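Just below is one structure, and these are the notes that go with it.
The values are calculated or read from the model by the stated rules, or taken from the named source; none is laboratory data. The structure displayed is predicted, hence computed values, not measured ones. Virtual Cβ from ideal backbone geometry, glycine too; neighbours counted across all protein chains shown.
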């Protein structure tokens, strides 16, 4: 057992939706744990309920059954230990606020002095590399920069867990590479536990210390793969490593099997 | 193969700034100036007593409105208008926000609101006369009862339509209810609200004019009607001109305010359109 | 349970709440003069108003006057729309005309047409003609502005395509410009219809040509409060009817078109 404590525990999570076509079992049975300071990536075929899982983790959705526990206590709603970075940055940042005001907004209701708040905000904006853009409005910035603002907002909030929902899906490939490195850097310097959901297999292997592969609906954890690549990663060299190729091929394989639905489900324990 | 959509041949030389400004002016003032001149010429020729020449009207304008009339008639009219507008906006936005946020309330009130909105505003004047008599209060109440609907209904629509991702973001960061109202709901609804205010502005002006023209013994509208009844044609025209200027002034002021308040909105639209 | 019942449930809830609101309002209205909050001379009982309303519905004279109101509405709206369509198309298609007329339009538009009532009365006396002038003036601007937007909204690529294929001006007009401008025209028509109704009734109220508005004013000066309220209800219903019809027409013509119209914010 690693000496880091378990931060996040998910046990037999199940979520059922009502839709026009009847009941939809978005999540069948998901269980995993995450230790403090880990960077866990979650991949799966489209429509496998990744976003639903994230929302349950973040307390934005109530699971139908099962348990989500943070620091030993159950998650019943959004709480200050978790911050979310959404995929649609254009609709998540408020266009009438400046970058600085956007980052500051979640901190307003926390019991902090003005000086503390200002420091946190300036710090976060600096960390994502946007100190010159603090007075701009989000729509004046490029997509990649807007997502950086969203990340800054999340880390300024000082959560214990950073939850990212396919944050770079809507961004071009070059920007995505920069942002991936940003995430790794933030994780390295600040040691924030991060749950990173993506559909990009290469990204998940490049970023993660572990990769959770989800099956298709009804979703369960098909495999929990530790990534034994060196912690200092680099877009060029790491991706050229033979081990990287092995790992990504393996993940790709699993996802294909998940799409075909040919992997066997575990004994269900509803 | 390219398609030629313009002239074929060398492009015209770019015009200097002086020419641009001059042409801008010509376009802005050219047609009105021509119209005034044409009217002047026509009025000296024609014997129609209802269309005096521009010079006559201008003289009447200065005689009538530069002086006591401003204090006695114009200022009270405008202050009633202002009062009514401010009340409409404050009540309309406040009530609209409450109603827009509570779905049950909205569904409860919707048929009523739709009906009241459909009543032609000037029709409320006789009702106001019945309930309050030909008083100043009546005039303000009538203005409010007409101008409040566009503000109220547009606020409700704007508040309803808050983007779901933005709301979810607010939820995930546990933003307090008041912060949410001030930093999310109202700013997001502000474009819609401004539309409502603009419509309310024109309704208020109409109600001010009518209630004074036909149901009052003072005010700008009353003066104009008085001139008409006494066949003081040039004075009547000057009054109409003044009313037109007030209308234009209100529109310009509103334009400034709107551009300031919605600076982010216009900026955003420009960027997405580019 | 399938969600079909949820949807139906939601609709039912909306319906019931709406009816409840309406009923609550009527009850409050009835109670106000009953409890003496306002004298029933100024705020008659709901029951009285509705009784009077149904009496009027049985009276031929009422329908005749209503017909007069709707006639001036229809004539005014038609004239305004045709004029605005022609002028708006011309101005919209010729850029320098747009610039030249911009100042005048921006000055004339905000003038409340009711300000012209004294002038109209001077020119045409206390008759329907005077009312028509006012109705046309106000409705014209609504359609005019929308047509200009619509004509200007023609997609440049589509236009270049048309020209490169050698379509004549008339063909371009009917196959390109008009369909683009159509949704805008419909929006303008809906707005103008509402404005025309308001002014038709207002003109009758103040000029005195026969119609619904005149009925309201006569009732008021005779102290017939029940009549006033009854006719106000009629105007509300009329306004609703016009709004519903024109929204329907607008939505139908809009079905295939996905342009963004300039009614909202400018």
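Candidates in the stretch A:25-59 are the residues that are over 28 Å from residue A:189 (Cα atoms) and surrounded by fewer than 17 Cβ atoms within 10 Å (Cβ to Cβ); of these, the one that is nearest to the other protein chains (Cβ to nearest Cβ) is A:25.
Filtered by the rule that a residue be surrounded by fewer than 21 Cβ atoms within 10 Å (Cβ to Cβ) and facing chain C (nearest Cβ under 7 Å), the stretch B:86-113 gives B:104, B:107, B:110, B:111, B:112. When each of B:222, B:265 is tested for being over 26 Å from residue A:95 (Cα atoms) and in a helix (DSSP H, G or I), the lone residue that passes is B:222. Residue by residue through the stretch C:211-224, note down the ones that are assigned to a loop (DSSP other than H, G, I, E, B) and either within 20 Å of the chain's Cα centre (by Cα) or facing chain B (nearest Cβ under 9 Å) (or both). Hits for the stretch C:211-224 are C:211, C:223. Conditions: (1) over 28 Å from the mean Cα position of the chain (by Cα); (2) exposed (fewer than 13 other Cβ atoms within 10 Å of the Cβ); (3) part of a helix (DSSP H, G or I). Residue C:41 meets all but one. Number of the miss? Against the list (1) over 28 Å from the mean Cα position of the chain (by Cα); (2) exposed (fewer than 13 other Cβ atoms within 10 Å of the Cβ); (3) part of a helix (DSSP H, G or I), residue C:41 comes up short only on (3).
The condition of being free of Cβ contacts under 8 Å to residues at least 24 places away in the same chain and either in contact with a helix residue (DSSP H, G or I) (Cβ under 6 Å, 6 or more places away or on another chain) or more than 9 Å from chain C (Cβ to nearest Cβ) (or both) holds for residue B:270. For the stretch A:22-35, indicate whether the set of residues that are assigned to a loop (DSSP other than H, G, I, E, B) and in the same structural domain as residue A:189 (by TED's automatic domain parsing) is non-empty. No: the stretch A:22-35 contains no residue that is assigned to a loop (DSSP other than H, G, I, E, B) and in the same structural domain as residue A:189 (by TED's automatic domain parsing). Considering only residues of the stretch C:102-115 that are touching a helix residue (DSSP H, G or I) at 6+ places or on another chain (Cβ under 6 Å) and assigned to a helix (DSSP H, G or I), which is farthest from residue C:202 (Cα to Cα)? Restricting to residues being touching a helix residue (DSSP H, G or I) at 6+ places or on another chain (Cβ under 6 Å) and assigned to a helix (DSSP H, G or I), the top hit is C:103. The combined condition, being over 26 Å from the mean Cα position of the chain (by Cα), surrounded by 19 or more Cβ atoms within 10 Å (Cβ to Cβ) and more than 7 Å from every other protein chain (Cβ to nearest Cβ), is not fulfilled by residue B:177. Taking the stretch C:157-191 only, how many residues are within 14 Å of another protein chain (Cβ to nearest Cβ) and within 19 Å of residue C:252 (Cα to Cα)? Of the residues in that region, 3 qualify.
The criterion of being more than 9 Å from chain C (Cβ to nearest Cβ) and either buried (at least 24 other Cβ atoms within 10 Å of the Cβ) or more than 25 Å from the chain's Cα centre (by Cα) (or both) does not hold for residue B:160.
The set of residues in the stretch A:115-156 that are away from chain B (no Cβ under 14 Å) and in a loop (DSSP other than H, G, I, E, B) comprises A:128, A:129, A:130, A:134. Could we say that residue B:124 is outside the structural domain of residue B:36 (by TED's automatic domain parsing) and farther than 27 Å from residue B:183 by Cα here? So residue B:124 fits the description; yes. Quick check on the stretch B:190-205. Is at least one of its residues touching a helix residue (DSSP H, G or I) at 6+ places or on another chain (Cβ under 6 Å), part of a loop (DSSP other than H, G, I, E, B) and not assigned by TED's automatic domain parsing to the domain that holds residue B:40? No, that holds for no residue.
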